Every structure is written in C-alpha cells, then in structure tokens.
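Undergrad: Structure below; questions to follow.
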Amino acid sequence: MRPEEAIRAEKQPANIPLLAGYLCGIIIPLLVVGLVSGTLLRHVIQLIPVALALVLTVRKTAWGPSAALPIAVFWLVLMVIIWLFLFGVTTIMTGHFTPVEIAMTIIIGASCTGGVITSLRHPGNTPLGWRILIFIIFVGLQVFVTWISFQRSLAYD
C-alpha cells in the first residue's frame with residue numbers, strides 16, 4: 001500500500017459499507033412500494049437525494065455520513081407517521097396500505113434507524129459547520145423532491 005493510500009484509508013470510517021447498506025434499505029423498499037402502488041415515477045423522484053447520499057457514501061467522501069443523516073431522519077419520520085396512522089393514533093397521513101407496503105415501511109424504518117445511528121457514530125472528519133450545512137442542503141433537497149413528486153402532473157404515473 002502506498003503512503004497516500006494508507007492515509008486515505010486511515011481517514012475513511014469503517015462504517016461505509018454498513019451505511020451504504022442502510023441507504024439501499026431505503027431505496028429498494030421504496031421502489032417496491034412504487035411498483036405495487038403504481039406510483040413508480042413518484043418514488044423514483046423521491047429517491048434522488050437518497051441516491052446522491054449513497055453515491056457520496058460509496059465514493060467514500062467525507063460528506064457521505066453527513067448526507068445520509070438527514071435522509072434517514074426524513075424517511076424515519078415519515079415511517080413513524082405511517083405507523084401512527086395504521087395504529088389509529090393520528091390522521092396526519094391517510095390512505096390505504098397493502099400488506100406489502102406495510103412490510104416495506106418496517107424495512108425502511110429499520111434501515112433509517114441504523115442509518116441515523118451509524119451517521120451519528122461515525123460522522124467522518126468533516127467539520128461541524130460543514131456537517132450542518134450538508135444536513136440542511138440534503139433535508140431541503142429531500143423535502144423539495146417529495147413536494148415535486150406530489151404535483152398534479154406527476155400524481156399518476
């Protein structure tokens with residue numbers, strides 16, 4: 001191993017494959033939900049920030065964990081809202097969820113929980129100010145693409 005490779009390897013958190021797996025644990029079930037619900041285009045649009053965070057993570061950039069954190073938080077909050085609706089606790093979200101979709105919310109929720117924990121435990125060597133900025137950018141991007149995905153022209157795939 002050359003010295004520059006050793007330095008790069010030393011700075012990279014060992015959790016990269018784990019974090020990438022958690023992000024895939026968001027992507028794949030959301031694609032399944034899109035397929036079974038007939039809203040694949042909507043879900044593909046919603047997955048753009050998740051895919052960007054995955055690319056940053058797999059490429060072992062220092063920003064990967066900081067980009068994954070807001071994505072995991074966003075989707076975990078949505079899964080909790082869905083579960084609260086299914087248990088009759090709240091009506092913030094309404095709709096009909098098939099058994100497949102409910103199973104996918106469990107997988108997504110577990111992946112998000114793991115992603116949050118992993119991102120917080122291993123934030124990389126990015127300074128706090130940059131981590132906060134990356135968090136704001138990615139949560140903003142996720143909210144924006146989710147809003148876009150619900151526009152009338154995309155309401156039905």
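Undergrad: Only residues that are of a type in the set (S, T, Y) and in contact (Cβ under 8 Å) with a residue 40 or more places away in the chain: list them for region 114-155, please. Full working, then the answer.
TA: Initially, region 114-155 is screened for residues of a type in the set (S, T, Y), giving 118-119, 126, 146, 149, 153.
Across region 114-155, the qualifying residues are T118, S119, T126, T146, S149.
Undergrad: Is region 72-84 home to any residue that is in a loop (DSSP other than H, G, I, E, B) and farther than 19 Å from W130 by Cα? Working first, answer last.
TA: So the first thing to find is which residues in region 72-84 are in a loop (DSSP other than H, G, I, E, B), and the list is none.
No; the residues of region 72-84 include none that is in a loop (DSSP other than H, G, I, E, B) and farther than 19 Å from W130 by Cα.
Undergrad: Would you confirm whether or not region 106-128 contains a residue that is touching a helix residue (DSSP H, G or I) at 6+ places or on another chain (Cβ under 8 Å), more than 22 Å from G21 (Cβ to Cβ) and of a type outside the set (V, I, T)?
TA: no
Undergrad: Now a separate question. Tell me yes or no: at least one residue of region 36-47 is under 16 Å from I134 (Cα atoms), at pLDDT 90 or above and open to solvent by less than 50 Å² (accessible area, probe 1.4 Å). Explain how you work it out, then say what you get.
TA: Step one: list which residues in region 36-47 are under 16 Å from I134 (Cα atoms), which gives none.
Scanning region 36-47, I find no residue that is under 16 Å from I134 (Cα atoms), at pLDDT 90 or above and open to solvent by less than 50 Å² (accessible area, probe 1.4 Å), so the answer is no.
Undergrad: Can you tell me how many residues in region 75-100 are over 25 Å from F138 (Cα atoms) and either open to solvent by less than 40 Å² (accessible area, probe 1.4 Å) or in contact (Cβ under 8 Å) with a residue 40 or more places away in the chain (or both)?
TA: The qualifying residues number 3.
Undergrad: Sticking with this structure for a sec: Being surrounded by 16 or more Cβ atoms within 10 Å (Cβ to Cβ) and either of a type in the set (D, E, K, R) or part of a helix (DSSP H, G or I) (or both) narrows it down to one of I108, I132, so name that one.
TA: One residue alone meets the criteria, I108.
Undergrad: Residues being part of a helix (DSSP H, G or I) and surrounded by fewer than 12 Cβ atoms within 10 Å (Cβ to Cβ): count how many of those fall in region 135-157. Step through it out loud before you land on a result.
TA: As a first pass, look at region 135-157 and keep what is part of a helix (DSSP H, G or I): 135-149, 152-154.
Filter again for surrounded by fewer than 12 Cβ atoms within 10 Å (Cβ to Cβ), leaving 136, 147, 152-153.
Of the residues in that region, 4 qualify.
The values are calculated or read from the model by the stated rules, or taken from the named source; none is laboratory data. Note that the structure is a prediction, hence the values are computed from the model and not measured. Reconstructed Cβ throughout: ideal geometry from the backbone, glycine too, with neighbour counts over all protein chains shown. To get the accessible areas, we keep the full protein, side chains included, count just its heavy atoms, and leave off ligands, DNA and RNA. Shrake-Rupley method; radii C 1.70, N 1.55, O 1.52, S 1.80 Å.
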